[in-house]
Amino acid sequence: MSIIEDMKSVAEVIQKAGNLGLYTKMLELQIKASELVQENHKLREEKVALQETLRLQGELKLRRNAYWKESGEGPFCVPCWQKDTKAREMVECDEGDFRCAVCGFVYQTEACKQKEEDLFRRLNDR
Ligand SMILES: [Zn+2]
């Protein structure tokens, strides 16, 4: 039985005993207890989120301007992680060219950069 249900049971006994002052006080305590239960629930959720952030922080490695998991999963957006510690996996929009769907940050693999530089050089050589 939860603390709120216990308090309701006590309030019912007090109500049956006819002590209006004590009954009113018990209802006020019930409201305060309910607020504390809600706050406790919220704090537990925040704790779980922080634990997840800490776990990810240990797992993500910055490599060539993007975050990667040791498993090779990635790339994850650097600006999004720095802004709100959200590990947002970037979407490959072209071969070797990744983009964050939230902030628009672009990450290019070395091979992709090299391909673009080669193309640019060939265009300039004409
Ligand atoms: Zn982003």
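Brief remarks on what is shown
- Along its first, second and third principal axes, ordered by size, the chain spans 99, 25, 18 Å in Cα coordinates.
- From helices alone, the chain scores -21000 deg cm²/dmol at 222 nm; the rule is -39500 (n - 2.57) for each run of n ≥ 4 DSSP H residues, then divide by the residue total.
- Ranked list, fewest to most other Cβ atoms within 10 Å of each Cβ, for Trp81, Trp68: Trp68, Trp81
- Cβ-Cβ distance of Cys103 and Asp125, R₀ of 35 Å, FRET efficiency by 1/(1 + (r/R0)^6): the value works out to about 0.45.
- A cut-off under 11 angstrom between Cβ atoms defines the neighbours of Ile14, and their net charge, with Lys, Arg +1 and Asp, Glu -1, is +2.
- Given charges at beta-carbon only (K, R positive; D, E negative), |dipole| of the chain in Debye: 260 debye
- Just checking the listed ones, Glu28, Glu95, Glu59: in the Gaussian network model of the chain with Cα springs under 10 Å, the one fluctuating most is Glu28.
- Membrane-span-like helices in the chain, defined purely by DSSP H runs whose alpha carbon atoms cover 30 Å or more axially and whose average Kyte-Doolittle hydropathy reaches -1.0, are 20-59.
- Cα gyration tensor, the stretch 3-51 - rounded (a/c under 1.5), prolate or oblate: prolate
- Summing Lys and Arg as +1 and Asp and Glu as -1 over all other residues whose Cβ lies under 11 Å from the Cβ of Asn65 gives a net charge of +2.
- If you run the Gaussian network model on the chain, springs between alpha carbon atoms under 10 Å, then out of Leu29, Leu54, Leu20 the most flexible one is Leu20.
- Residue exposure proxy: Phe98, Phe120, Phe105, ordered by other Cβ atoms within 10 angstrom of their Cβ from fewest to most, comes out as Phe120, Phe105, Phe98.
- Net charge contributed by nearby residues that have their C-beta within less than 15 Å of Pro75 (K/R +1, D/E -1): -1
- Euclidean distance of C-alpha centroids, the stretch 8-55 and the stretch 92-115, integer Å: 50 Å
No value in this document is a laboratory result; all are computed from the given coordinates. Because the structure is predicted, anything quoted here is derived from the model rather than measured. Virtual Cβ from ideal backbone geometry, glycine too; neighbours counted across all protein chains shown.
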